[in-house]
Amino acid sequence: MSQLTLQLTVDQIIELIQQLSPEEQQKIMAVLQNPWLKMAGKYKNDSQFEEMLNYIEEDRKQLKNEQENRGTRRIGNRSEFQGFEED
């Protein structure tokens with residue numbers, strides 16, 4: 001499958017959007033107004049953020065290993081001992 005790369009200016013994009021039906025324009029606006037999009041890529045090149053993610057991953061692995069060694073596992077907000085379930 002080939003990949004198409006478009007080089008469009010902001011004015012060209014606006015012109016294309018204006019050619020759409022009002023329903024299609026609303027769909028685009030709904031996506032663009034998604035508050036999560038403001039955060040997308042914010043930490044893309046942040047080495048401290050990457051370091052923090054690595055720390056979290058290592059901490060989770062360590063916690064999982066500790067729980068396995070104790071014979072317990074996390075289920076939601078409860079711990080379940082192997083062979084015994086809490087009521």
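Please treat every number below as a calculation from the coordinates, not as lab data. Keep in mind the model is a prediction, meaning the values are calculated, not measured. Cβ coordinates were reconstructed from backbone atoms using ideal geometry, including for glycine residues, and neighbour counts include every protein chain displayed.
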(request) For the range 1-68, run through the chymotrypsin sites (Phe, Trp or Tyr not before Pro) and keep only the ones in DSSP coil with at most 14 other Cβ atoms within 10 Å of their Cβ. (result) Y43
(request) Just need the Rg to Rh number for the range 10-78, please, alpha carbons only, Kirkwood Rh. (result) 1.33
